[in-house]
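Where a number appears in this text, it was derived from the coordinates with a stated rule and is not lab data. Here the structure is a predicted model, which is why all the values come from computation and not from measurement. We place every Cβ from the backbone using ideal geometry, glycine too, and count neighbours over all the protein chains shown.
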Amino acid sequence: MLRQHHDSPDVLRYHSQVSIKDENGYAWQVLLFKENYESAVKDLRLRLVAFPGVVEIAHPQSLLIETVKGKLLTASDAYALTAPAPNVGEYELTNVLSKLPTTDALKLYVPVSLRQPLVLNIPNTVVTEWQWLVTEID
């Protein structure tokens, strides 16, 4: 379900926000949103937020995205130089989302400090919501 928020009193925006458990059972907030609404090309960002003190995201590493058919795509780290907190990552999805299937699940390989990437399984319903946010909501 897409959520609404106000950027200013007269400006309503939409974003996708879900809670996804990782392979260790910890919940992550997964948000897809548009930036630069004033521009003709709107940047899409995927923000991943882990519980503080549990995981530190490794910056400036890219996010690896795997489709059910094994296709691998990368999203660059938007917080390459300055992350707001160690448990927060944000990735550029503008050029990636159009290459993803619209109804299949995905695996996100989140780069974390001192270990192999952590896997977040994104259900097909969330991927469909992402596609709808991109194509239908402006």
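Structure summary
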item	result
Volume of the Cα convex hull of region 2-136, divided per residue and given in Å³	116
Spacing of the two label points (7 Å from each Cα toward its C-beta) at residue 124 and residue 66, in nm	1.9
Greater than 18 Å apart at Cα, pairs in 71/107; 34/69; 21/69; 34/107	34/69; 21/69; 34/107
Likely footprinting exposure, 47, 115, fewest C-beta neighbours within 10 Å first	115, 47
Which of 68, 96, 125, positive extreme of dipole for region 2-136 (C-beta unit charges)	68
